[in-house]
Structures are given as structure tokens and as C-alpha cells.
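Before any comments, here is the structure.
Read-outs: derived from the displayed coordinates by stated rules, not from any lab. Small disclaimer: the values here were computed from a predicted structure and weren't measured. Because the Cβ atoms are built from the backbone with ideal geometry, glycine has one as well, and the counts that use them run over all protein chains shown.
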Amino acid sequence: MRWDALFDDLESQLQAMADTVQEGEIRERTRSEQSRLTLARRLLGQTGRPLGISTRGGRTLEGTLTNVGSEWIAVAVEGRSVIVPLASLHLLRGMGRGAGQPLSGVGARLGLGSALRGLSRDRAQVTLWTVSPSAGYTGIIHRVGADFIDVGTAGPDRDRHPAQGREVLTVPFASIDAVDAVGTAD
């Protein structure tokens, strides 16, 4: 009987060590998987959720995440769609723990230029917010290049088409804090 108790004790010690090693492996694998998680994937898991967003330019937005691209997000805020480059995100509030599948195919290729080209094609009136100095410019996107946009500024008495005398601003993507598109919330 003494031997049975000794073997039972040794067996329970061995099982406890095996459990500790397995828990350590699980924690390490979890940390390793989390280290490969991108912000875009994390945001994909939040689509349809309300989020609080602070941008590098100092804007604070509260809205519902509607779309995620490889370089941008779209948020429905009070009847308008706001496009925010991922590079301009400063802080996010209200994120759940979920993550989406990695972007693939067409979705992976839809960069910031693709989202802005859609607004340009629709001739949507936008307010372009810049990072520094933080300022907003209202107008129509005339051209979207590989890493810049041209915005024709608009006043209340001007039409939506390019006109002589209208100021056209060229803005590098890196300077864009957010783009509000009036009347286009998803």
C-alpha cells in the first residue's frame, strides 16, 4: 500500500508539471498569434459596432464602423460618412475583443486612394481635414493620384464643377486626417 501511495503521488506531480508546461505553451502561442494581428484585422472584427475615434489632427468622432480597407476605415457619423486613414488613428474606444479574417483579393488592394476615388467619381461634397495644422477644407475631389489628392474648394454660391478662379488644393495622403462626405453615410 505504501508503494501505491508513492506512485500515486509521483503520478500527480508529473501530471501537474505537464499541465504547467502545456499552459505555458498555450500562453506563448497566444502571444505569438497576437503579435501577428494587424490593426486592419482587429478593425474588421468591429464592423457594425459603435466606436469612439481620436485622430492625430485632434478630431474626436463617435460613430458606427461601416467599412475597413487596407489603409482606411469608414465611420457613419451623424448622417455622413467619414473616411479616416489608419495612419491618422490616434486612439480607439469601444473595441471588442474580436478580430476579422485577413483582407484578401480585392479588399486587400483597396487602399486609401480607392476610397477617395469613389468620392471623386460621385462628385460628393467633402470636408478634407488635415493633420497639421488641423484645418478643414470643403470642396469636391477633382483628382486622386497615387499618394495625393486635388480638392477644388467650394463656397456656398459655387457649383460642383471646376471653375476658373476656384482654388485647388493638392494634399499628400500623409497629411490627411479625415475626409467627411456629406450625405453619404452607409
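A few notes on this one:
- The mean sequence distance of close C-alpha pairs (under 8 Å, at least 6 residues apart), as a share of the length of the range 39-182, puts its relative contact order at 24 percent.
- Spin-label pair ARG121-GLU11: with each label point 7 Å from Cα along the Cα-Cβ axis, the two points sit 6.9 nm from one another.
- Net +/- balance of residues flanking PRO85 in space, Cβ distance below 13 Å, scoring K and R +1, D and E -1: -1
- The simple Förster model, with R0 at 30 Å and r as the Cβ-Cβ distance, assigns LEU91 and THR66 a FRET efficiency of 0.95.
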